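Chemist: Quick one: structure below, then a few questions.
Derivation of every value follows stated rules applied to the coordinates shown; laboratory data play no part. Note that the coordinates shown come from a computational prediction; the quantities given were computed from them, not determined experimentally. In this analysis, Cβ positions are derived from the backbone assuming ideal geometry, glycine residues included, and neighbour counts consider all displayed protein chains.
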Amino acid sequence: MSLIKRLSISKLRPGMIIAEDVLTHNNQLIFPKGLMLTDKSITRMEFFSIMYVRVEDEVITPVEESELPSYSERLKETPEFVEFKKVFDEDITTFRTALNDIVEKGTPLNPETLLSDTIGLIESSEGHVSVFDMLHNMRDYDDDTYAHAVNVALICNVFARWLRFSQEEIDLATMAGLLHDVGKMKIPDEIMKKPDKLTSQEYRIVKKHCQEGFKILADQDLDKRIKNAALMHHERNDGSGYPYGLTADRIDMYAKMVAIADVYDAMTSARIYRGPLCPFVVISIFENEGLQKYDTRFIMTFLENIVNTYVLHRVRLSNGVEGEVVYINRSHLSKPTIKCGKQYIDLAKNPDLFIEALV
């Protein structure tokens, strides 16, 4: 008989066997006892903020994971990517210095300068669609707080354009994304940079970054909606978020936007136990687990536009077959129709198949 071990999420590996039912905080079943873990199932538990799981001691070697998509290597060789990365690195340095001065010296924040630097990244790419291609290949930072903030700002900028916001509203959304995690600078480094998954007590401390961020921005000359985004970006429409468990009508509109951009960037970033997830896998997780947690207009606009950026992209399916995305199924956004040679595969009619990588 196998021994049972209790592990933090960060120590889980594909191939481990769950030794107990995994439940949400509302006692809904996520995974049954006996399931073999995959990258996707580990990420799904992270999505639900599961911290520990009991697993059997014996590890079964899973099917070999897919390699980094080849399109990534091709993109990194383009002049556009090289320029984007150069500007991105410069922006991170400027942003880090500015935030340190605000938190440690009480220096007044200059939103025009920060906004200008971030908009420069948009202008250094070919267009709003390509920003996502760039970000999916800017993962060397491994969710560094500053890089993550810039990523979320860029996503919010494009997101606001998809929502047909005015220029003033686009700027507000961009700044809300840029400053949403400023409160993490008040969290001890030994917690923020801990390589393992946090303990319950450490997680409670990290969750305070929302209130800390609001305090840091409180006396700054900023629109109150930017401050609210720092405070409320972990709130969820169904009341399952933190720090206050607010429901839909009490959450600031910009916080709702930042919440989606924040989760999307986190799931498409690398973790200790996995590489960046394919966008179609992330879209699937949103569809299956998260629609009720987010504003309907925002989440559907975001997902529909994200998936449309990958029409005509070449992808690899979970059975190893490669093809081209030719048609988006509005009712199953993560399940488009794929052209494989002369054959057309409607993933919406093939529940056991999914897109595992862009190639």
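Chemist: Tell me, in nm to one decimal, what length is gained between T93 and E112 on full extension, where the rule is 0.36 nm per residue of separation less the Cα-Cα distance? Let's see the in-between values first.
Modeler: Numbers: separation 19, 0.36 × 19 = 6.84 nm, distance 1.66 nm.
Going from the current span to full extension adds 5.2 nm.
Chemist: Please give the FRET efficiency for K11 paired with R164, using the beta carbon to beta carbon distance and R0 = 56 Å, rounded to the nearest 0.05. Don't skip to the end; give the middle numbers.
Modeler: Working: r = 45 Å, r/R0 = 0.80.
With a Förster radius of 56 Å, E is 0.80.
Chemist: Can you tell me which lysines have their Cα less than 19 Å from the Cα of K194? Leave out same-chain residues fewer than eight positions away.
Modeler: Cross-link targets: K11, K184, K186, K207, K208.
Chemist: Additional query: For the chain, state the semi-axes of the equivalent ellipsoid (square roots of 5 times the eigenvalues of the alpha-carbon gyration tensor), sorted largest first and rounded to whole angstrom.
Modeler: Details: eigenvalues 202, 140, 76 Å².
The equivalent ellipsoid of the chain has semi-axes of 32, 26, 19 Å.
Chemist: Only Lys, Arg, Asp and Glu count, each charged at its Cβ (+1, +1, -1, -1), so figure out the dipole size of the range 4-56 about its Cα centre, rounded to 20 debye. Present the calculation step by step, with values, prior to reporting the outcome.
Modeler: Details: 8 positive and 5 negative charges, 29 e Å.
So the magnitude is around 140 debye.
Chemist: Using a Förster distance of 22 Å, how high is the FRET efficiency between K33 and N319, based on the Cβ-Cβ distance and rounded to 0.05?
Modeler: Working: r = 27 Å, r/R0 = 1.24.
FRET efficiency, K33 to N319: 0.20.
Chemist: Between L312 and R54, what is the label-point separation in nm under the 7 Å Cα-to-beta-carbon projection?
Modeler: Simple spin-label model gives 5.4 nm for this pair.
Chemist: Restricting things to alpha carbons, find the Rg to Rh ratio for the range 150-210 using the Kirkwood radius for Rh. Can you show the working numbers first?
Modeler: Working: Rg = 15.2 Å, Rh = 13.1 Å.
Ratio value, two decimals: 1.16.
Chemist: Related question: Is it possible to state the helix-based mean residue ellipticity at 222 nm for the chain, with each DSSP H run of 4+ residues giving -39500 (n - 2.57), the sum divided by total residues, to the nearest 500 deg cm²/dmol? What is it? Don't skip to the answer; put the middle values down first.
Modeler: Working: 14 runs with 157 residues, N = 359.
Calculated at 222 nm, the ellipticity per residue is -13500 deg cm²/dmol.
Chemist: Counting alpha carbon pairs within less than 8 Å and at least 6 residues apart, what relative contact order, in whole percent, applies to the chain? Show your work: numbers first, answer last.
Modeler: Details: 563 pairs, mean separation 47.1, N = 359.
Averaging sequence separation for qualifying contacts and normalising by length gives 13 percent for the chain.
Chemist: Which whole-number percent gives the relative contact order of the range 278-359, counting Cα pairs below 8 Å spaced six or more residues apart?
Modeler: Details: 125 pairs, mean separation 25.6, N = 82.
Relative CO of the range 278-359 lands at 31 percent.
Chemist: Follow-up question, since we're still on this one. Give me the distance in nm between label points sitting 7 Å out from Cα along the Cα-to-Cβ direction at R250 and A218, one decimal.
Modeler: Label-label distance for R250 and A218, simple model: 1.9 nm.
Chemist: Among the aspartates and glutamates, which have Cα under 17 Å from the Cα of K197 when same-chain residues fewer than 8 positions away are ignored?
Modeler: D39, E46, D142, D143, D144, D189
Chemist: Another question about this same structure. How much net charge surrounds Y310 when only the other residues with a Cβ under 11 Å from the Cβ of Y310 are counted, with Lys and Arg +1 and Asp and Glu -1? Display every interim value, and only then the final one.
Modeler: On the way: positive: R314; negative: D133, E324.
Once positives and negatives cancel, what remains is -1.
Chemist: Still on this structure, please answer the following. Specify whether the C-alpha gyration tensor of the range 70-277 places it in the rounded, prolate or oblate class, a ≥ b ≥ c being the square roots of the eigenvalues: rounded for a/c under 1.5, otherwise prolate if a/b is larger than b/c and oblate if not.
Modeler: It is rounded, given that a/c, with a ≥ b ≥ c, falls under 1.5.
Chemist: Under 14 Å from the Cβ of T93, count the other residues' Cβ atoms, weight Lys and Arg +1, Asp and Glu -1, and hand me the total.
Modeler: Values: positive: K85, K86, R96; negative: D89, E90, D91, D101, D117, D144.
Counting the neighbours of T93, the net charge comes to -3.
Chemist: Rounded, prolate or oblate: pick one for the range 120-242, where a ≥ b ≥ c are the square roots of the eigenvalues of its C-alpha gyration tensor, a/c under 1.5 means rounded, and failing that, prolate if a/b is larger than b/c, else oblate. Mind showing how you got there, number by number?
Modeler: Details: a/c = 1.98, a/b = 1.34, b/c = 1.47.
It is oblate, given that a/c is not under 1.5 and a/b is not larger than b/c.
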